[in-house]
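The values are calculated or read from the model by the stated rules, or taken from the named source; none is laboratory data. Since we're looking at a predicted model, the values are computed, not measured. Here the Cβ positions follow ideal geometry from the backbone for every residue, glycine too, while neighbour counts run over all protein chains shown. Ligands, DNA and RNA are stripped out before the accessible areas are found, and what is left, the full protein with its side chains, is counted by its heavy atoms. Shrake-Rupley method; radii C 1.70, N 1.55, O 1.52, S 1.80 Å.
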Amino acid sequence: MELLIGDKLWSSWSLRPWLALKRTGAPFTETLIRLRSEQTGADARAAGSPTSLVPVLKDGDLAIWDSLAICEYLAEKFPAARLWPADPAARALGRAAAAEMHSSYPSLRGECPMDLSFRETVTVSEATHSDLRRLVELWSGLLTRFGGPFLVGEWSIADAFFTPVATRLRSYGLRLSDYADLGPCGAYAERLLETPEFLEWEKGAIADVRG
């Protein structure tokens, strides 16, 4: 398998399926498509992206675009990896959380794009405050219902989808305690950034910048 990804420093959508693919333990190759370039679209298309965007998973003659579609494909292809929990309720709520991240939080994403090299406390808009309040509500509800340590119990695709959000909280000095978190949500965000898979991605991002 081959995964087309954008720069590890910035590409939140590439990070999500990369984490899931790493969790499967299956061998794969990475093809880096440089972002923020006039050539980005053409390079992605030449590498096999049907939309000129990344990420794309290539498995034989199959090319799957869209982060969520890639993750769902991996969950079906590698059931032993348990990318979704066996419990139907946990699986349904995990999917709902991932889909919400996929389609929501526009202000947080726009004001605070993923940048693993950035460290500065910023003032954000009321729209982003609203996104963060919803984030705490969502995380708190799932962590309480399933008991952690991740959103629906053990690590799942839902956690892959919120890992880039955890990087944003760290990069922009956003404290969830300011949005009614009593501690569990902040601790969960820290756990996301301590997984071996994320640490490997971050190491690669730093190496790429230095290289």
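A few notes on this one:
Residue-by-condition table, conditions (1) under 29 Å from GLY147 (Cβ atoms); (2) over 17 Å from the mean Cα position of the chain (by Cα); (3) surrounded by 18 or more Cβ atoms within 10 Å (Cβ to Cβ); (4) modelled with pLDDT under 95:
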site	(1), (2), (3), (4)
PHE28	no, yes, no, no
ARG34	no, yes, no, no
LEU57	no, no, yes, no
PRO88	yes, yes, no, no
GLY94	yes, no, yes, no
ALA99	yes, no, no, no
PRO106	no, no, no, no
MET114	yes, no, yes, no
SER125	no, yes, no, no
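- Considering residues of the stretch 132-150 that are part of a helix (DSSP H, G or I) and of a type outside the set (A, V, I, L, M, F, W, C) only, the residue nearest to ALA86 (Cα to Cα): ARG145
- Restricted to the stretch 61-74, and to residues there that are among the small types (Gly, Ala, Ser) and either touching a strand residue (DSSP E or B) at 6+ places or on another chain (Cβ under 7 Å) or open to solvent by less than 20 Å² (accessible area, probe 1.4 Å) (or both), the residue that is farthest from PHE146 (Cα to Cα) is ALA63.
- Long-range neighbours under 6 Å by Cβ, at least six apart or interchain, first residue in contact (Cβ under 8 Å) with a residue 60 or more places away in the chain within the stretch 21-45, second among the small types (Gly, Ala, Ser): ARG23/ALA81
- Test: residue in the stretch 123-131 that is assigned to a loop (DSSP other than H, G, I, E, B), touching a residue at least 24 places away in the same chain (Cβ under 8 Å), within 24 Å of LEU9 (Cα to Cα) and not charged (D, E, K, R): yes
- For the stretch 4-24, the count of residues that are over 17 Å from the mean Cα position of the chain (by Cα) and aliphatic (A, V, I, L, M) is zero.
- Candidates in the stretch 169-184 are the residues that are outside any loop (DSSP other than H, G, I, E, B) and among the charged types (D, E, K, R); of these, the one that is surrounded by the most Cβ atoms within 10 Å (Cβ to Cβ) is ARG170.
- Options GLU154, GLU200; residue that is open to solvent by 80 Å² or more (accessible area, probe 1.4 Å) and within 28 Å of PRO88 (Cα to Cα): GLU154
- Every residue from the stretch 76-93 that is assigned to a helix (DSSP H, G or I) and over 22 Å from ALA26 (Cα atoms): PRO88, ALA89, ALA90, ARG91, ALA92, LEU93
- The conditions of being open to solvent by 50 Å² or more (accessible area, probe 1.4 Å) and either in contact (Cβ under 8 Å) with a residue 40 or more places away in the chain or hydrophobic (A, V, I, L, M, F, W, C) (or both) are met by ARG145.
- Filter result for LEU35 (closer than 26 Å to VAL209 by Cβ and of a type in the set (A, V, I, L, M, F, W, C)): yes
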